[in-house]
Every structure is written in structure tokens, then in C-alpha cells.
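The values are calculated or read from the model by the stated rules, or taken from the named source; none is laboratory data. The model shown is predicted, which means the values in this text are computed figures rather than measured ones. Here the Cβ is made from the backbone with ideal geometry for all residues, glycine too, and neighbour counts use every protein chain on show.
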Amino acid sequence: MNEQKKRIKSGISLRIKWLYVVMVAIVITIVVRIIALQFDSTAAAHSKVMHERIIYEEPIRAYRGTIFDRERQPLATSIFRKRVSTEFGSEAFDNKEVFMESVDSLSKMLSLFFKDRSAKEYREIMLAERNRRYKLINPHPETIHCSRLARLFGGRDSVYTAYDIKRSYKPLKFFRDVDYNEWEYLRRLPILRAGANQIDEFDYRIYPQGNLALRTVGRNDKYSQYGIEYAYRDKLAGTDGSRRVQVVAPGIVCRVEGSKDKEPVNGMDIVTTLDMDVQDVVNESLRDHLANEQAWWGTCVVMECATGEILAMANLGRNKQGEYVESRNYAIGQPLEPGSTFKLCSTMALLEDVGMSPDKRYQTGLGEPVEIAPNIPKKIVDDHAIRTDCYGRPTNGKVDMRTAFAESSNVYFTKAIHEAYINDPVRYERFLRRLHLDEKMGFEELGEQPSYIPDMKQIAREGWAPTALVNMGYGYTLQLTPIQTLTIYNAVANNGRMVAPRLLKRIERDGKLLEEFPTRVIDEKICSDGTLATLRSFMEEVALTGTAEAFFGEKNCPFRVGGKTGTAQIAKGIDGRAIRYKDNYYLGSMVIYLPADKPKYTIMAGICKKRGVGTYYGAGLAGPVLKRVATFLYNRDTEVPYTALNAEATQRPLQIKGGNVSHIREVASAHSLDTKEGPTTKRARWGAGFVTSSDIVNIEGRTITAGKVPNVVGMGLSDALFLLESCGAEVKVTGAGCVVHQSLAPGTTIASGEQIKIQLK
């Protein structure tokens with residue numbers, strides 16, 4: 001009996017001892033595990049990832065500034081869009097039965113919403129994304145940082161978990177970029193409302209005018225380092241802000257109290273001098289004529305005389321596919337020998353600096369080569385015989401300065417410049433520099449290239465000053481950009497006041513003026529009034545009886561202009577091609593101002609082509625372009641202005657800009673207007689609002705169908721662009737306000753990249 005009691009006590013004692021051992025082992029295990037976790041970088045990373053998912057810094061995007069034309073039509077503007085990614089492998093979808101039930105509903109709703117895929121296709125996409133998580137995950141060796149002891153007590157699980165958490169979000173391939181209101185609807189759908197979504201808000205840059213003035217406006221991407229977008233990128237960009245937020249429920253975040261939020265600073269808006277109506281005419285005129293002449297490239301610039309404001313600047317070159325595109329700004333970035341347009345400067349030097357009489361005559365040879373001087377080995381020839389002067393009198397080849405200028409005689413001006421400056425070539429150089437021909441015009445940030453005026457002292461030391469003088473007399477040896485040639489002609493048209501051409505009017509932010517760009521005067525008077533009057537009369541003679549008569553003579557043009565034509569053979573590297581004189585490439589150019597009595601505009605066009613098909617002379621190449629542009633400007637300025645509406649009649653809005661229906665309701669409420677909607681409109685997300693005589697806004701719902709042109713009439717620019725570009729269209733915009741006309745009818749099937757023109761008013 002006693003022995004039995006002893007055995008029982010011994011057994012109990014043994015079990016108690018083992019219990020103590022087990023308890024001690026558990027305690028040691030817990031302690032070791034805790035210590036291991038402290039040194040487990042993977043577990044720490046796991047904890048950090050979880051913390052960052054709950055509390056994190058949320059960026060607040062700044063709006064990139066808008067680039068406007070002179071009438072505040074947007075040339076480049078931004079719309080915020082949301083790019084959504086959903087993590088189908090999230091723990092929120094661990095319950096397979098719930099997920100399978102929800103995925104069917106979500107597939108149907110997305111198919112109805114986007115109308116680009118069937119519900120079955122959406123379902124297959126989402127299931128494929130979810131199944132990625134449940135495949136065997138093999139940890140990468142480099143992610144295992146646990147010690148053997150840590151691995152023994154769960155280190156491997158930590159690696160698997162951390163690897164699983166680090167997987168990237170899988171974008172929903174059926175998602176296009178959406179706006180705020182669309183996402184507010186989508187985020188409430190099954191699965192998406194679980195909150196396993198990553199939302200990236202980004203600045204979607206749009207160019208309502210398409211490729212008009214492309215090289216001037218530029219593009220906002222890493223490949224487009226040109227134009228206003230690039231030159232003023234810091235002012236346009238703004239500064240993003242941030243706020244600290246905490247996830248309080250799936251898909252719901254709130255601001256963390258006490259956090260120091262940083263408000264975004266929106267980018268500045270830039271108002272340019274460009275006139276899109278003029279730019280459109282210039283662009284089309286230049287493109288059509290380049291194609292007709294099979295030319296290489298061309299440029300055309302329209303400048304306002306008094307202010308120097310550039311109303312239009314088109315630069316088109318032929319690419320490998322034979323299309324004419326804005327690939328380079330030739331107007332400011334291509335210095336070339338100007339040819340006969342430079343005779344304006346030669347004539348000014350002879351009249352102003354030398355004091356030569358306009359009546360002085362030289363024998364021009366009636367189209368035959370003429371020796372200029374014994375020390376000049378090259379003979380000079382006019383491209384046509386000048387048999388009569390400007391008054392119709394026979395010349396026998398001997399002409400005065402007016403006739404020589406009107407008929408663009410090479411022989412006359414080379415003889416006159418040689419005779420006047422052969423004993424002091426530096427004097428001629430000094431006069432040209434007085435005209436600021438060696439200076440840039442202020443477009444350095446846009447890629448302006450310098451001109452070249454020869455150093456006559458150096459040339460004299462090298463022994464070819466006589467030849468250089470002769471060549472400079474009719475526009476060779478030196479080089480000017482088209483914008484420099486335009487500026488000197490504009491100065492003559494502007495009564496001798498040389499103003500710098502300018503593209504920017506002002507910089508604003510939220511409607512407040514930050515910086516203004518007034519007219520910059522380069523020279524108050526480039527020459528005397530007497531010289532100016534003579535030059536203007538010569539230039540008008542060019543149009544009336546000279547080389548531009550076919551386009552601007554009395555029988556061919558209802559208004560009078562002054563101008564000069566020019567033809568120059570090219571020998572220079574252009575667009576990566578080494579061009580030599582023997583290649584027979586020519587620059588045909590013309591500069592005009594109008595109207596002749598009170599000049600308001602100065603226009604220049606230059607076209608480069610190879611001699612062969614068609615003409616290569618300045619009048620024939622540039623004349624058709626300038627005639628079309630000048631006629632548009634003249635007709636526009638002489639139109640009778642419309643009568644403004646009575647102010648009392650415009651106190652109430654006759655129409656509310658269409659777009660998102662919820663926005664229309666908000667605007668109506670702000671104007672104390674009631675709304676009236678049909679049963680289909682209440683379910684529509686897009687529409688337009690019209691005010692009736694009873695102060696009720698009738699909201700007209702719009703159906704949006706994938707691959708079909710939507711009805712955007714009545715909508716604002718932002719919403720209209722979003723809907724049209726979402727269906728794959730390339731949009732061209734004119735006007736400002738809301739859409740009053742679209743070139744393709746609603747419901748029309750549209751091919752990707754097809755152009756739609758919309759007019760706003």
C-alpha cells in the first residue's frame with residue numbers, strides 16, 4: 001500500500017517536473033522568437049510595409065499651367081486623370097466564394113460602363129490576375145536574411161509573407177484613365193469597394209490646336225526639348241503638395257491630425273501673342289504650296305508692325321514619308337545667305353551712309369554677265385533683262401536705283417556697293433552692325449541661332465575684301481535667320497522704329513498678373529525719314545510693277561503692299577545634310593507689309609527646294625503663300641464688327657456648359673435654377689443643360705458608346721476633349737466657350753486617330 005502511494009507520488013512528481021520543463025521551454029521559445037524578430041530584417045520590413053499601408057504621405061498634385069493664344073484659347077492645357085490598379089491577390093479577396101460571387105457582378109457592371117469588352121472577358125481577366133497569388137511562391141535567396149535560429153522558429157514563414165506583400169499591383173487592363181466623377185462611381189462597385197486599389201493621379205496634357213505651331217508651343221514629354229513647353233517648363237510645372245493620411249476603412253482615408261500638410265502651388269499660365277485663326281491660315285497655305293512645289297521645307301511668320309507681336313509662325317519640313325510636319329523651327333534656327341531680300345540693307349546703306357542719289361544709273365547688261373571691276377574675277381548677271389524702267393521707258397540696260405530695286409538687279413547693287421566701299425570695307429560692316437543684324441532677337445530659349453556678319457578687317461588681311469563686298473551687295477557671304485530679315489523689314493514699315501519680335505504677352509497664376517512682356521524697342525530710328533520714305537516707295541514699286549506684280553499688282557490685288565523678293569542658292573548643312581552650290585538647292589523668299597499707307601502687319605515666307613520641277617525664284621515660291629495670308633488679314637480687318645447683345649438679356653445663362661451631369665446640377669443650383677430631367681437622364685453620367693423661359697434647366701442626357709462619336713455639342717472644352725479622345729479621335733479646336741459644332745455626327749463609327757474638328761463659342 002505504501003509502495004503504491006510512493007509510485008503515485010513519484011509519477012505525479014515526474015509529470016510536474018516535465019510540466020515545468022515544457023513551460024520553461026515555451027518561455028525560452030517565446031523569448032528567443034521575440035529576440036529573433038528584433039533582428040529579423042524581413043519581419044521588420046513586413047511591419048514597415050503594413051505601417052505604410054495604414055499611415056502614409058499622399059501627394060497633392062499641382063496643376064501644370066496652361067499656354068494660351070492672344071485670345072485665351074488654350075494651346076496646351078492639363079486635365080487630371082486617375083490611373084487605377086487593383087490588387088486581386090489582396091487579403092480582402094481570401095474568401096473564394098465571396099470573390100466568385102462578386103466577380104460576376106463586377107464583370108457585368110464594367111462591361112456596361114466601358115462598353116469595350118464582354119462581361120465574360122472581364123471575368124477571365126480578373127480571375128487570371130487573382131490566381132497569380134495562389135501559385136507556389138519560391139522565395140528569392142537574396143530575400144532570406146534570417147539566421148538559422150530565426151528560421152527554426154518561423155523565419156521561413158516571415159520570408160514568404162514579406163515576399164507576398166512586396167508583389168506589385170496588377171493593373172486592370174480594361175481600365176482606361178478615368179476622371180474624378182467616374183472613379184467615384186467605380187469605387188463603389190463590388191470588389192473595387194474592398195479598397196485594394198492603387199490610385200495614381202497624373203497630369204494629362206492636351207493640345208486642343210493639334211500640331212498647329214508645334215515647334216513654337218512644344219510638347220511636355222522627355223523627348224520634346226523645344227518650344228515654350230520646354231523653355232518655360234519650370235514656370236509651367238508648379239510644385240506638388242502633400243498630406244499625411246490614415247486608412248480608417250477599405251477605400252476610406254482621413255487626414256492625420258497635427259500633420260504638417262504642404263499645399264500645392266499650381267503652375268503659371270502663359271499668354272502668347274499667337275493668333276490661332278492666322279496660324280491656321282498660314283499653316284494651310286504653306287503646307288499646300290510646299291506640296292504643290294515638291295519643296296523640301298518652308299517657313300512663314302506674321303508680325304504686328306507696332307508691337308512686334310508674332311501672330312503666326314509656321315515651320316514645315318518634309319519627312320521620310322513625304323509628309324510635311326513641324327520638325328524644326330527654321331524661322332529662328334536656320335541662318336542662311338538671304339539673297340536679294342538683303343538688297344533692302346544695301347539700298348539703305350547707299351542712301352543713308354553714302355548719300356547716293358536714287359537717280360544714279362548703272363549698266364546692268366540686259367541679262368548678260370557683267371564685269372564689276374578688274375579686281376573681281378567673277379562676273380555678275382541678272383536673271384532677266386531690264387529693258388524698261390518703272391515708268392515704261394526703254395533703258396538699253398542702264399537703270400536707276402528704283403528700277404534696279406523693283407526688278408532686283410544683282411549687277412546694279414554689286415557695282416554700287418563696290419564703288420562706294422572698296423576703299424573702306426569696314427565702313428560697310430559697321431553700317432550693317434548698326435542695323436543690329438549681328439544680334440539675336442530674343443529667342444535664345446527657343447533655339448535661336450546667331451547670324452553671321454563677316455569681319456571685314458580679317459577678310460582684308462586675307463585679301464578677298466573686294467569679292468566679299470560684291471557678294472554682300474546682293475545677299476551672299478553673310479547669313480541671317482528669317483526672323484532677323486523680318487525684323488529689319490518691319491522696322492522700315494514701322495517708320496524706322498525697330499521692335500523685337502515677341503511671342504509672350506504675360507505670365508499669370510490663377511488670373512493674377514505675375515510678369516508682363518512689353519514691346520522691346522531695339523532702335524528708335526534706324527535711319528532718316530527721307531531714307532525711309534524712299535525705301536517704302538521702292539518696296540511698293542516691287543509690288544506694283546516689279547518682281548511681285550503677279551501677286552500684288554493693281555490688277556491682281558485689291559489692296560496695296562510694299563515688299564521685296566529674294567532668291568539665293570544654298571551652300572550649308574541643313575537638317576544633317578551637307579548642301580553645296582552644285583546641288584542646286586535654292587531659298588525663295590519674299591517679305592511684305594500691309595496696307596502700304598498705314599502698315600499693320602509684316603509677313604515673311606521662305607521656301608527651300610531643289611531646282612528642277614516648277615519655279616525656284618522667290619516670287620513664285622513665296623508669293624502664293626503671302627497672297628493668301630495677306631488677303632485673309634485684309635478681309636478680316638475690314639469686316640463690319642458684330643453688335644454685342646444687350647447686357648440685360650445676358651444676366652441669366654441661356655446655356656450651362658455640358659459635361660458631367662452632377663456638375664450641371666451644381667451650376668444650376670448656384671444660379672438658383674431648378675432642373676428637369678427625363679427618366680433616362682437620371683441614369684446618364686454625361687449631358688448638356690439648357691435654360692427655358694421659366695428658369696428651368698432641362699438636362700439632356702447623352703449616351704456614350706465605345707467606338708462611336710459622342711455628342712459633345714453644348715459641353716465645355718475639358719469634357720469634350722476627354723470624351724472624344726477616349727474614343728480614339730484626334731481633336732482640333734477653334735474658338736472658346738462651349739462646343740457649338742462638331743465635324744463628325746454623333747453615333748458615327750470612328751477609326752483610331754481620325755480627326756474631329758470642334759468649334760467653341
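Conditions tested, residue by residue: (1) under 26 Å from Ala385 (Cα atoms); (2) in the same structural domain as Ala213 (by TED's automatic domain parsing); (3) of a type outside the set (Lys, Arg); (4) at pLDDT below 95.
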| site | (1), (2), (3), (4) |
| --- | --- |
| Thr485 | no, no, yes, no |
| Tyr489 | no, no, yes, no |
| Ala493 | no, no, yes, no |
| Arg536 | yes, no, no, no |
| Lys572 | no, no, no, yes |
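Those residues that are out of contact with any Gly (no Cβ under 7 Å at 6 or more places or on another chain), free of Cβ contacts under 8 Å to residues at least 40 places away in the same chain and in a loop (DSSP other than H, G, I, E, B), I need them from region 387-415; list them, please.
Listed by number, the residues that qualify are Arg387, Asp389, Tyr391, Gly392, Arg393, Thr395, Asn396.
So, in region 697-710, of the ones that are among the aliphatic types (A, V, I, L, M) and either surrounded by fewer than 15 Cβ atoms within 10 Å (Cβ to Cβ) or within 27 Å of Ala751 (Cα to Cα) (or both), which residue ends up modelled with the lowest pLDDT?
Once the filter is applied, the top-ranked residue is Ala706.
Please work out if Gly606 is buried (at least 19 other Cβ atoms within 10 Å of the Cβ), among the small types (Gly, Ala, Ser), modelled with pLDDT under 95 and in contact with a strand residue (DSSP E or B) (Cβ under 8 Å, 6 or more places away or on another chain).
Considered against the rule, which asks whether it is buried (at least 19 other Cβ atoms within 10 Å of the Cβ), among the small types (Gly, Ala, Ser), modelled with pLDDT under 95 and in contact with a strand residue (DSSP E or B) (Cβ under 8 Å, 6 or more places away or on another chain), Gly606 comes out as no.
One line per residue, one yes/no per condition, for (1) at pLDDT 75 or above; (2) over 17 Å from Ser111 (Cβ atoms):
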site	(1), (2)
Asp164	no, yes
Lys170	no, yes
Lys173	no, no
Asn181	no, yes
Glu184	yes, yes
Pro190	yes, no
Asp203	no, yes
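How many residues, within region 282-303, are touching a residue at least 40 places away in the same chain (Cβ under 8 Å), farther than 16 Å from Gly588 by Cβ and surrounded by fewer than 22 Cβ atoms within 10 Å (Cβ to Cβ)?
Within region 282-303, residues that are touching a residue at least 40 places away in the same chain (Cβ under 8 Å), farther than 16 Å from Gly588 by Cβ and surrounded by fewer than 22 Cβ atoms within 10 Å (Cβ to Cβ) number 0.
Based on what the data block shows, is Ala550 touching a residue at least 12 places away in the same chain (Cβ under 8 Å), closer than 18 Å to Pro595 by Cα, small (Gly, Ala, Ser) and not in a loop (DSSP other than H, G, I, E, B)?
When the stated conditions are applied, Ala550 passes them.
Within region 533-547, work out how many residues are under 16 Å from Leu486 (Cα atoms) and either of a type in the set (A, V, I, L, M) or part of a loop (DSSP other than H, G, I, E, B) (or both).
Qualifying residue count for the region: 2.
Return the only residue of Val301, Val245, Val253 being modelled with pLDDT of 95 or more, in a strand (DSSP E or B) and among the aliphatic types (A, V, I, L, M).
When all the criteria are applied, what remains is Val301.
Go through (1) closer than 23 Å to Gln246 by Cα; (2) in a helix (DSSP H, G or I); (3) charged (D, E, K, R); (4) modelled with pLDDT of 70 or more one by one and return the number of the condition Lys17 breaks.
(1)
So is Ser147 more than 30 Å from Gly210 (Cα to Cα), small (Gly, Ala, Ser) and modelled with pLDDT of 55 or more or not?
It is false that Ser147 is more than 30 Å from Gly210 (Cα to Cα), small (Gly, Ala, Ser) and modelled with pLDDT of 55 or more.
In this structure, is Ile137 outside any helix (DSSP H, G or I), of a type in the set (Val, Ile, Thr) and modelled with pLDDT under 60?
yes
Does any residue in region 473-485 that is part of a strand (DSSP E or B) come within less than 7 Å, Cβ to Cβ, of a residue that is surrounded by fewer than 22 Cβ atoms within 10 Å (Cβ to Cβ) and among the aromatic types (Phe, Trp, Tyr) six or more places away or on a different chain, and which pairs are these?
Gln479/Tyr452
I need the full set of residues from region 210-246 which are of a type outside the set (Ser, Thr, Tyr), surrounded by fewer than 17 Cβ atoms within 10 Å (Cβ to Cβ) and more than 25 Å from Ile60 (Cα to Cα), in order please.
Once the filter is applied, which keeps residues that are of a type outside the set (Ser, Thr, Tyr), surrounded by fewer than 17 Cβ atoms within 10 Å (Cβ to Cβ) and more than 25 Å from Ile60 (Cα to Cα), region 210-246 yields Gly210, Asn211, Gln225.
What tally of residues in region 60-77 results from selecting those that are at pLDDT 85 or above and under 16 Å from Gly511 (Cα atoms)?
Adding up the residues that qualify gives 12.
Determine if region 414-433 includes at least one residue that is in the same structural domain as Gly367 (by TED's automatic domain parsing) and at positive phi.
no
Take Ser259 and decide whether it is at pLDDT below 85, under 30 Å from the mean Cα position of the chain (by Cα) and among the small types (Gly, Ala, Ser).
So Ser259 does not fit the description; no.
I'd like to know if region 333-352 contains one or more residues that are closer than 30 Å to Gln209 by Cα and out of contact with any Pro (no Cβ under 8 Å at 6 or more places or on another chain).
For region 333-352, residues closer than 30 Å to Gln209 by Cα and out of contact with any Pro (no Cβ under 8 Å at 6 or more places or on another chain): present.
Within region 504-524, does at least one residue satisfy the condition of being touching a helix residue (DSSP H, G or I) at 6+ places or on another chain (Cβ under 9 Å), touching a residue at least 24 places away in the same chain (Cβ under 8 Å) and not in a strand (DSSP E or B)?
No; the residues of region 504-524 include none that is touching a helix residue (DSSP H, G or I) at 6+ places or on another chain (Cβ under 9 Å), touching a residue at least 24 places away in the same chain (Cβ under 8 Å) and not in a strand (DSSP E or B).
Output the qualifying pairs, or none if there are none: Cβ atoms under 9 angstrom, residues six or more apart or on different chains, first residue in region 597-609 and of a type in the set (Ser, Thr, Tyr), second residue assigned to a loop (DSSP other than H, G, I, E, B).
As it stands, the answer is Tyr601/Cys305; Tyr601/Pro595; Thr602/Cys305; Thr602/Asn494, since those pairs meet every condition given.
Counting only residues that are among the aliphatic types (A, V, I, L, M) and surrounded by fewer than 18 Cβ atoms within 10 Å (Cβ to Cβ), how many does region 310-328 have?
Total meeting the criteria: 1.
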